[in-house]
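First the structure, in the form of structure tokens, and then the observations on it.
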Amino acid sequence: MKTYQLQDDKGQVISEHDNYDAAETAASEWAGVDSVVGHDGDLSCGGDKTLIWADEESAENDPGTNAIGSIRLAI
């Protein structure tokens, strides 16, 4: 069974979830109302992680440098 981890930008695990949708919801709640969850290479598109930014300005054209966290497939 796949599980997904919500991690901060230092790699600390914040929470673990049984499905991607639950992890995505938790990421939005953790990061706040202005947050942006997801990018072109995220897990739902076959990538290795889904990035999380605090706001749209931080996310714009950012490859992950400004990301405050991520969702990753737990190993």
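None of the figures in this text is laboratory data; all of them are computed from the coordinates on show. This is a predicted model, so every value here is computed, not measured. Positions of Cβ are generated from backbone atoms using ideal geometry, with glycine treated the same way; all protein chains shown enter the neighbour counts.
Numbers for the structure displayed
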item	result
Crossing angle, helix 20-31 versus the chain [Cα axis fit, 0-90 degrees, rounded to tens]	40
Ser15 long-range amide H proximity, modeled H, under 5 Å	Leu6
Relative frequency of Cα-Cα separations exceeding 20 Å in the chain, percent	19
Radius 12 Å from Cβ of Asp42, net charge of other residues (Lys, Arg +1; Asp, Glu -1)	-1
Estimated distance in nm for a label pair at Glu57 and Leu73, the labels positioned 7 Å out from Cα along Cα-to-Cβ	3.6
Karplus-derived HN-Hα couplings along region 45-59 (A = 6.51, B = -1.76, C = 1.60, θ = phi - 60°), whole Hz, x at Gly and Pro	10, x, x, 8, 6, 10, 8, 10, 10, 5, 7, 4, 4, 5, 7
